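See structure below.
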Amino acid sequence: MELTVRVKPGSRRGPLVESTPDDPAASLTVHVRERAIDGAANAGVVAAIAAHFGVPRREVEIVRGRTSRIKRVRVGAP
């Protein structure tokens, strides 16, 4: 399954994944404590989404938007 997520790096609320039905750009908002430096926030996003869906981290992949706050993420088998 592929999802569009909005990332909030450096958040005190993180790690947290919440549904955002009122946001037309993304279906989920992911709050992570890591800053967007050297891919740390992306690693936090992968870990948070894997924990949220109960899958191993290796089954979560950022498909598009590695340097953006809006990302396309694939969860599970391709």
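A short reminder: the numbers here are calculations on the coordinates, not readings from a lab. Computed from a predicted structure; not experimentally measured. Note that we place each Cβ from the backbone using ideal geometry, even for glycine, and neighbour counts take in every protein chain shown.
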Fill in: Dipole-positive endmost among V5, T29, A43 within the chain (Cβ charges, Cα centre)
A43
Item to complete: Report the full-extension gain for the segment S68 to S19: residue separation times 0.36 nm, less the Cα-Cα distance, to one decimal in nm.
Response: 15.7 nm
Worksheet entry | Per-residue HN-Hα couplings for the range 70-75 [Karplus 6.51, -1.76, 1.60; θ = phi - 60°; Hz; x = Gly/Pro] | 9, 10, 9, 10, 9, 10
Item to complete: Determine how many Å³ per residue the convex hull of the Cα atoms of the chain encloses.
Response: 79 Å³
Worksheet item: Going through the chain, which trypsin sites (Lys or Arg not before Pro) have at most 12 other Cβ atoms within 10 Å and a DSSP loop state?
Response: R12, R13, R35, R66
Worksheet item: Contour minus end-to-end for E61 and E2, with contour as 0.36 nm per residue of separation and end-to-end as the Cα-Cα distance?
Response: 20.3 nm
